[in-house]
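Here the structure is laid out as structure tokens; the discussion comes afterwards.
Only the coordinates and a few stated rules stand behind these numbers; no lab work does. Just so you know, these numbers come straight off a predicted model, no measurement behind them. Please note: Cβ atoms are built from the backbone with ideal geometry, for glycine as well, and neighbour counts cover all protein chains shown.
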Ligand code: OAD
């Protein structure tokens, strides 16, 4: 029987595709205030600003391609049951061929009316739809007549896919973490649900605050680190 791998990814896995990370030097949050462009308070304060920010993210994504790390993660499916749990709002895992991707923080290519997919409707995704790399502006309405918003989990909002992610980490035989500073909770605490006997690998060129002494830290960029990881699990 195939073993299960849960792969928890962050912005670092897409860095070599030309998409900047958030917290590295020169990262997105050096140039934008996340509380203005990616929080629920920011949305109510200035919807246009938030919409423009995500229009820009979509445009960047249109020009980006999956890199060798996304592809290596997708190819793990030949030998393993693979659940990708990503904090990324890009679609590079899917474009590389991964067939099961849980987007903890939403998806940049999707939008929804601002009054749906929340506590009131049990986070139903019935009204969510794909706009690809298109733009959304103030005044653009959903079929229900309500302003469209990005299908993003803003700071200050619940993370509806958290329970699903916890279950996937808890049943994995191996946990692999790639390119995340683990600064944003609850995603940052997910690794603590790994089974006591499951090996945990981390691929990141920098130190990451992981409090678990079984962790094998592959201190490399994602493309090189994935090559090393694949060689290790195949050995
Ligand atoms: P961060 O920008 O916080 O962290 C990026 C991580 O990637 C760091 O640990 C870097 O060392 C590492 N890194 C950089 N280049 C790399 C490379 N080529 N290969 C591998 N690793 C590399 O990004 P996240 O941890 O993903 O949320 O941030 C988490 C969340 O914070 C995001 O999902 C986003 C953000 O605010 C929302 O917008 C809701």
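Can you tell me which residue within the range 45-67, out of those that are farther than 26 Å from residue 94 by Cα and in contact (Cβ under 8 Å) with a residue 24 or more places away in the chain, is surrounded by the fewest Cβ atoms within 10 Å (Cβ to Cβ)?
Residue satisfying both the conditions and the ranking: 48.
Looking only at the range 194-203, decide whether some residue is under 20 Å from the mean Cα position of the chain (by Cα) and within 12 Å of the ligand (Cβ to nearest atom).
Looking through the range 194-203, at least one residue is under 20 Å from the mean Cα position of the chain (by Cα) and within 12 Å of the ligand (Cβ to nearest atom).
Scan the range 83-117 for residues that are more than 16 Å from the ligand (Cβ to nearest atom) and either touching a residue at least 12 places away in the same chain (Cβ under 8 Å) or over 25 Å from residue 172 (Cβ atoms) (or both) and jot them down.
Result: 83, 95, 97, 98, 99, 100, 113, 114, 115, 116.
Within the range 170-193, how many residues turn out to be buried (at least 17 other Cβ atoms within 10 Å of the Cβ), within 16 Å of the ligand (Cβ to nearest atom) and in a helix (DSSP H, G or I)?
So the answer is 4.
The rows are residues; the columns are (1) touching a residue at least 24 places away in the same chain (Cβ under 8 Å); (2) part of a loop (DSSP other than H, G, I, E, B).
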| position | (1), (2) |
| --- | --- |
| 124 | no, yes |
| 139 | no, yes |
| 150 | yes, no |
| 158 | yes, yes |
| 164 | yes, no |
| 198 | yes, yes |
| 201 | yes, no |
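Give all pairs with beta carbons closer than 9 Å in which a residue from the range 14-32 that is under 18 Å from residue 72 (Cα atoms) meets a residue that is surrounded by fewer than 15 Cβ atoms within 10 Å (Cβ to Cβ); count only pairs at least 6 apart in sequence or on separate chains.
17/65; 18/63; 18/65
Quickly run through the range 211-229 and pick out the residues that are within 11 Å of the ligand (Cβ to nearest atom) and surrounded by 15 or more Cβ atoms within 10 Å (Cβ to Cβ).
Listed by number, the residues that qualify are 218, 220, 221, 222, 223, 224, 225, 226.
Take the residues in the range 11-48 that are in contact with a helix residue (DSSP H, G or I) (Cβ under 9 Å, 6 or more places away or on another chain), near the ligand (Cβ under 10 Å from one of its atoms) and outside any loop (DSSP other than H, G, I, E, B); name whichever of them is nearest to residue 205 (Cα to Cα).
Taking the candidates together, the pick is 12.
In the range 120-153, how many are closer than 22 Å to residue 37 by Cα and more than 16 Å from the ligand (Cβ to nearest atom)?
The qualifying residues number 18.
Just need a number here: residues in the range 34-44 that are out of contact with any strand residue (DSSP E or B) (no Cβ under 9 Å at 6 or more places or on another chain) and exposed (fewer than 14 other Cβ atoms within 10 Å of the Cβ).
Count: 1.
From 188, 142, which residue is out of contact with any helix residue (DSSP H, G or I) (no Cβ under 9 Å at 6 or more places or on another chain) and closer than 20 Å to residue 82 by Cα?
188
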